[in-house]
Amino acid sequence: MSDIDLSTALLSDSFDRVRDLVASVCDGLDVDRATFRVDPDANTVAWLVWHLSRVQDDHVAGLSGETQAWETWRDRFDLPFDDDATGYGQSSDDVAAVRVDGELLAGYHADVDALTRRYLDGLDAAKLERVVDERWDPPVTAAVRLVSVLGDCLQHLGQASFVLGVADRR
C-alpha cells in the first residue's frame with residue numbers, strides 16, 4: 001500500500017467512525033433529550049452535533065471547492081443565526097436556539113459525510129500537502145485541516161455522548 005493510499009484509508013476510517021457515532025447519538029433522539037442541559041449554560045446534544053456537522057461541512061467544502069450541504073438544510077433547521085454560522089463563539093442563548101431532533105441532525109450529517117467521501121475519494125499527495133491557511137506557523141495543509149476536523153468532531157461527540165448519558169439518567 002502506498003503512503004497516499006494508507007493516508008486516505010486512515011482518514012476514511014476516521015470519518016467512518018464520526019459518521020457512525022453521529023448516527024448512534026442521534027438514533028431515537030427526541031427534542032427533549034436533544035436539548036437537555038447539564039447546567040443552565042451547558043451545551044446540548046443538539047447543539048454539539050449541529051456544530052460538529054457545521055464545522056466538518058464548512059471545512060471540507062472549503063477544501064473541495066464544493067457547496068456546503070448546509071445550503072439545502074438551513075431552512076429545515078430554522079435557526080436565528082447568520083447563514084454561515086458554524087457555532088464558534090456562540091452564546092448560551094444560541095445553544096438553546098438549536099431545538100431539533102436526532103432525525104434532522106442525522107440527515108444533515110449524512111449529507112456532510114457524503115461531501116466528505118467525495119473529497120476523500122479524490123485525494124492524492126499533492127492535494128493533502130496543499131497549503132490551505134498561511135495565517136499559522138507552520139502553514140496549515142489540507143491534511144492538517146482534516147485531522148483538525150476529526151479532532152473537533154470526536155471531542156464534540158464525546159461531549160454529546162456524556163450529556164446524553166446524563167439526560168437518560170435524570
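Just one of the numbered conditions (1) in a loop (DSSP other than H, G, I, E, B); (2) open to solvent by less than 30 Å² (accessible area, probe 1.4 Å); (3) over 20 Å from residue 164 (Cβ atoms) is not true of residue 100: (3). Checked against (1) open to solvent by 50 Å² or more (accessible area, probe 1.4 Å); (2) in contact with a Ser or Thr (Cβ under 9 Å, 6 or more places away or on another chain); (3) under 20 Å from residue 11 (Cβ atoms); (4) modelled with pLDDT of 95 or more, residue 109 meets all criteria but (1). Yes or no: region 85-95 includes at least one residue that is modelled with pLDDT of 95 or more, closer than 20 Å to residue 23 by Cα and in a helix (DSSP H, G or I). There is no residue in region 85-95 that is modelled with pLDDT of 95 or more, closer than 20 Å to residue 23 by Cα and in a helix (DSSP H, G or I). Restricting 48, 21, 11, 6 to those that are under 21 Å from residue 148 (Cα atoms) and surrounded by fewer than 14 Cβ atoms within 10 Å (Cβ to Cβ) reduces the list to 6.
Results for (1) among the polar types (S, T, N, Q); (2) modelled with pLDDT of 95 or more; (3) farther than 13 Å from residue 25 by Cβ, shown as yes or no for each residue.
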position	(1), (2), (3)
78	no, yes, yes
105	no, yes, no
114	no, yes, yes
117	no, yes, yes
156	no, yes, no
160	no, yes, no
163	no, yes, no
170	no, no, yes
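Can you tell me which residue is farthest from residue 49 (Cα to Cα) among those in region 131-162 that are in contact with a strand residue (DSSP E or B) (Cβ under 7 Å, 6 or more places away or on another chain) and among the β-branched types (Val, Ile, Thr)? Ranking the candidates gives 131 first. Examine region 120-130 for a residue that is farther than 17 Å from residue 26 by Cβ, in contact with a strand residue (DSSP E or B) (Cβ under 7 Å, 6 or more places away or on another chain) and open to solvent by 20 Å² or more (accessible area, probe 1.4 Å), and state whether such a residue exists. Yes, some residue in region 120-130 is farther than 17 Å from residue 26 by Cβ, in contact with a strand residue (DSSP E or B) (Cβ under 7 Å, 6 or more places away or on another chain) and open to solvent by 20 Å² or more (accessible area, probe 1.4 Å). The set of residues from region 84-93 being surrounded by fewer than 16 Cβ atoms within 10 Å (Cβ to Cβ) and over 13 Å from the mean Cα position of the chain (by Cα) comprises 84, 89, 91, 92, 93. Checking region 56-74 against the condition returns no match, with no residue being open to solvent by less than 10 Å² (accessible area, probe 1.4 Å), touching a strand residue (DSSP E or B) at 6+ places or on another chain (Cβ under 7 Å) and farther than 24 Å from residue 24 by Cα. Could you tell me whether residue 33 is part of a helix (DSSP H, G or I), over 12 Å from the mean Cα position of the chain (by Cα), surrounded by 15 or more Cβ atoms within 10 Å (Cβ to Cβ) and in contact (Cβ under 8 Å) with a residue 40 or more places away in the chain? Yes: the conditions hold for residue 33.
The values are calculated or read from the model by the stated rules, or taken from the named source; none is laboratory data. On a predicted model such as this, the values are computed, not experimentally measured, just so you know. So basically every Cβ, Gly included, is an ideal-geometry build from the backbone, and we count neighbours across all protein chains shown. When the accessible area is computed, the model is the full protein with side chains, heavy atoms only, and any ligands, DNA or RNA have been set aside. Shrake-Rupley method; radii C 1.70, N 1.55, O 1.52, S 1.80 Å.
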